[in-house]
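The structure appears below as structure tokens.
The values are calculated or read from the model by the stated rules, or taken from the named source; none is laboratory data. As the structure is a computational prediction, the values presented were derived from the model and not from experiment. Virtual Cβ from ideal backbone geometry, glycine too; neighbours counted across all protein chains shown.
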Amino acid sequence: MISFELTGGIPAGKTIMNSVKLAESLGAVETMITHPATMTHADVPKEEWEARGLTDGLVRLSVGIENSEDIIADLEQALTKV
């Protein structure tokens, strides 16, 4: 599991989520990607998740069984859009 911060906050997070092709937002053995501000913590008051270190631009990636080069290429193409 890795997390990274995007400059651009929620709009950047949404762009990444809509741009990746291999990663799923819910999964099993496949790579999973989440944007907590608009997904897992969307109903939690912003002050609470910020107090826990979550930010508007935080993205979490849990790498699955896909080919690592494919995951990297997918993330690279998505990052060019933010």
Would you mention how many residues in the stretch 59-82 are over 25 Å from H41 (Cα atoms) and small (G, A, S)?
2
Hits in the stretch 57-82 - residues which are more than 11 Å from the chain's Cα centre (by Cα) and in a loop (DSSP other than H, G, I, E, B):
V63, G64, I65, E66, N67, T80, K81, V82
Considering only residues that are modelled with pLDDT of 85 or more and touching a helix residue (DSSP H, G or I) at 6+ places or on another chain (Cβ under 7 Å), look in the stretch 1-32 and name the one that is surrounded by the most Cβ atoms within 10 Å (Cβ to Cβ).
I16
With (1) of a type in the set (V, I, T); (2) in contact (Cβ under 8 Å) with a residue 12 or more places away in the chain; (3) loosely packed, with under 14 Cβ neighbours inside 10 Å as the list, and I72 as the residue in question, which single condition is left unmet?
(2)
